[in-house]
Structures are given as structure tokens and as C-alpha cells.
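Report on one structure; see the data block that follows.
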Amino acid sequence: MASALINVPPKAKRGDVIEIRTLTSHIMETGFRRTAAGELVPRDIITSFTCRYNGTEIFRADLFPAIAANPYLSFFTVAKDSGKLEFEWIGDNGFVSTASASITVE
Amino acid sequence: MSVARTIIAAMLLVAAPALLAGEIPQDARHSGYSFMGPDTRAMQDDDTSNPGMLFVLDGEALWKTRSGSAGRACADCHGDARESMKGVAARYPAFDKALGRPVTLDQRINLCRANHQQATPLSHESRDLLALSAFVAHQSRGVAITAGDDPQLKPFVEQGRALFVQRQGQLNLACTNCHDDNYDKHLAGAPVTQGQPTGYPLYRLEWQTLGSLERRLRSCMSGVRAQAFDYGAPELVALELYLMARARGMPMESPAVRP
């Protein structure tokens, strides 16, 4: 079950700097830990995050094993047009999770 | 604001039960929240930065999902959880007539699965069980704790208190030695809290996941180098019940965030 929590201001004035906060559900298993039997627990992390604003990429991040479980990312952009923000997380073992939020710019 | 006022009013209205020796008076009770730094508080306060809310979302989906051979979902009997589950977690562990002993919220979920859904029980600390209990407990946010008020629970609350004040483990410490007597001090740089169970199941940054009060109690027991009770053991349930009764009147915060 992949779920995400997105915080985008529903309304903004044109030209405003807005904060976007995202939190997604993922175990972020580092690949360095061992089980009680001594076997290595295979790495399972999110490797990349992308945010598109009306189809244009505005933010991208690469994620690494040292990032905690359920990664929280916060970033800023300039409110230009009303429309849709799309979020995509890509990870190991074919992990893909998407979410979207809409914004009205006046 | 009005919610906070209602809670304060409710706390003032309830008749304060007589305190036993060493117990923290009502007006000196503080949630673990008040021992945290501003960053962790902010994380708990904002539902879009509180990782516990991810579990609540999963729990909401599970609430509506049919399970077991009866082909029923929680929602088929209980309806809208916002109505039916409000305040429920604040009175758990509750007395189960059939078993003749108190059961935790997690145990109640599994009893419901066995008796009404004909489904297999969810294992302790599994993601699905934590998600469901987080979803149910979230409906009680802000509700004052009343667990232990049922007169049938009296002997079990007393059993829990006896365990709370009993020294154990190689360090020979009782829960009360830290959480009643020294909650204003620090242990290895970390604040010793009062051990008020207001936010379970809660997201512990150390665990990187949500965990139950039983998990927290078991790690405390390992900390004093005692043999921890098994999950679901009557002793652990009694201890949980006593802790909830000890926090009587405090508002629920589930899912809380703790360091």
C-alpha cells in the first residue's frame, strides 16, 4: 500500500512563492542491515522524486540509503498558472507511486 | 481553541479519584509532547508532515476492505468510523465479557476479525494492524481518556499498578522509579517522561515506523534488562490499562510523533 500526503496551498496569487510539502510511505531499507541469522537485508529505497507543474518539471531529487523511512520533502516554487502539480516517486523493485494536487492562481 | 476549552472543562468536571502514594497529581500530568523539541512538535502538529497519518490513510482503506470468509468489512457493521469510533480508543483496554478480562484495541480488532469476519488474526506490530488501530485511535483525537472507569476492571488496574511499582530486571528498577519520581530529569541526554500513553499507536523516529504501547513497554523492559512480557500477555495488558487509567482525563493525540 503506497500512500502519500501532499500539502499544496489550494489558492495563491500570481508570482507568489509557495511551499510544497510531500510525505510518502516507504520503508527505505538501506541494504546495509543484517538479519539475526546474519544475512544481508536487500536494499529497498526510493531512488528518485519528481514534481511537474502543468507538465513542466520544477523539482527533482535523488534519494540515497541514508534517508529515513517515509521520506518528507519540502521545496518552493513560484505560482504561475492554475493547474495541476504531479508527483512521482520511483524506487527499487519497480516501486512507482504517484499523486497530484491542484492549485488556483489568481 | 474550542476543542481545547472543552477538554479543559471536561478535565475540571471529572471528579479526581484519590491519589495513591507517589502518583502524579492531575494538574502536574504532562504528555510526552511537552518534553519534545519544537521540530518534533511541529512534525506532530501538521497532519501532512506527521508520518503516522500515512498509517491512518492505510487504515481508512482497510476499514472499507472486505476481509475473511464472511466477506465483511469493518464499515459493514460499524459504518462511518468518524461517528462510530469517536472516543473508543480513549476507553481501551476495555473489559471483554466473554473472556472475563480486559483486551487492548489491537486485540479487539483481532477478536472482531475472528468472530465477525472469520478472518485470520493480524500479527502484532504488522502494518495492517497498526494501520487499523491508528485509524480507529485517530477518531478519538482530543477526547479525554476514560479507560479503567469500568468497575469490572478494578482488579486489573490494581494488577497493572502492582507491576508498575515492582522492581525488575538486572538494573532492579520499577517503572515508577523513573516515570513518577524522576520525570523532570534526563537519562543519557534524553528527557525522562511521565510515560503518559496519550498518543498510541505513535510514530517513533527511532523506530522509523508506527508502534504500539506494548512495543514501547517491551523496549522499556529490555532497557532495565528484564525479560519482557510477550505481546498480548495479561501482564502487559494490565500494565497498559493502568497507564491509561493513570492518564485519566488527558486528551488523546493519536497518532503522535515521538523521538
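The values are calculated or read from the model by the stated rules, or taken from the named source; none is laboratory data. Source: prediction; values computed, not measured. We place every Cβ from the backbone using ideal geometry, glycine too, and count neighbours over all the protein chains shown. What goes into the accessible areas is simple: the full protein's heavy atoms, side chains included, and nothing from ligands, DNA or RNA. Shrake-Rupley method; radii C 1.70, N 1.55, O 1.52, S 1.80 Å.
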Carbon/sulfur fraction of accessible area - chain B, other protein chains in place, 1.4 Å, %: 56
Largest to smallest principal axis extent of the C-alpha atoms in chain B, angstrom: 51, 40, 38
Residue mean of other protein chain beta carbons inside 10 Å, B:43-52: 4
Debye-sum result for chain A in log10 I(q)/I(0), which assumes one identical scatterer on each alpha carbon, at q = 0.13, 0.17, 0.22, 0.23 Å⁻¹: -0.52, -0.77, -1.12, -1.19
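Roughly how crowded by other chains is peptide B:57-68, in terms of the mean Cβ count from those chains within 10 Å of each of its Cβ atoms? Don't jump to the answer; show the numbers that get you there.
Details: counts 5, 4, 1, 1, 2, 1, 0, 0, 0, 0, 0, 0.
Partner Cβ neighbours, averaged per residue: 1.
Hey, got the dipole for region B:30-258? About the Cα centre, +1 on K and R Cβ, -1 on D and E Cβ, debye to the nearest 20? Intermediate values should be presented prior to the final figure.
Values: 25 positive and 25 negative charges, 78 e Å.
Dipole of region B:30-258, to the nearest 20 debye: 380 debye.
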Principal-axis tilt of helix B:52-63 within chain B, Cα atoms, nearest 10 degrees: 30
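Hey, what's the Cα Rg ratio for region B:144-259 versus the globular rule of thumb, 2.2 N^0.38 Å? Intermediate values should be presented prior to the final figure.
Details: Rg = 13.8 Å, N = 116, 2.2 N^0.38 = 13.4 Å.
Normalised by 2.2 N^0.38 Å, the Cα Rg of region B:144-259 equals 1.03.
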For region A:31-36, Karplus couplings with θ = phi - 60° (6.51, -1.76, 1.60), whole Hz, Gly/Pro x: x, 9, 8, 10, 7, 4
Within the protein assembly as shown, helix-based [θ] at 222 nm, where runs of 4 or more DSSP H residues each add -39,500 (n - 2.57), nearest 500: -8500 deg cm²/dmol
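Please go through region B:139-208 and write out the chymotrypsin sites (Phe, Trp or Tyr not before Pro) that DSSP classes as loop and that have at most 16 other C-beta atoms within 10 Å.
On the way: sites: B:F156, B:F164, B:Y183, B:Y203, B:W207; in loops: B:Y183, B:W207.
Sites meeting the loop and neighbour criteria: B:W207.
For the full complex of protein chains and a 1.4 angstrom probe, list B:C178, B:C77, A:C51 by accessible area with the highest value first. It would help to have the intermediate numbers written out before the result.
Numbers: B:C178 40, B:C77 85, A:C51 0 Å².
The ordering from most to least exposed comes out as B:C77, B:C178, A:C51.
Taking only protein heavy atoms and a 1.4 Å probe, what accessible area per residue, in Å², does chain B have with all protein chains in place?
Working: 12380 Å² over 259 residues.
Here the residues of chain B average 48 Å² of exposed surface.
With a cut-off of at most 16 other beta carbons within 10 Å, and DSSP calling the residue loop, which trypsin sites (Lys or Arg not before Pro) in region B:91-149 qualify? Please list them. Provide the component values of the computation, followed by the final result.
Details: sites: B:R91, B:K97, B:R108, B:R113, B:R127, B:R141; in loops: B:K97, B:R141.
Qualifying residues, ordered by number: B:K97.
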Backbone HN-Hα couplings from phi across region B:215-229 [Karplus 6.51/-1.76/1.60, Hz, Gly and Pro as x]: 4, 4, 5, 5, 6, 5, 5, 5, x, 8, 6, 9, 6, 5, 5
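B plus A alone minus the pair: what accessible area, both sides summed, probe 1.4 Å, in Å² to 100? Could the numbers behind the result be given before it?
Working: alone 12980 and 6450 Å², together 18230 Å².
Using a 1.4 Å probe on protein heavy atoms, the buried area is about 1200 Å².
Tell me the carbon and sulfur percent of the accessible area for chain A, rounded to whole percent, probe radius 1.4 Å. Let's see the in-between values first.
Details: 3070 of 5850 Å².
That fraction is 52 percent.
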Distance-filtered residues of region B:130-154 - backbone nitrogen under 20 Å, label point 7 angstrom along B:T65 Cα→Cβ: B:130-139
Largest to smallest principal axis extent of the C-alpha atoms in the protein assembly as shown, angstrom: 64, 51, 49
From phi via Karplus (6.51, -1.76, 1.60), per-residue ³J(HN,Hα) for region A:9-15 in Hz, x at Gly/Pro: x, x, 10, 8, 8, 4, x
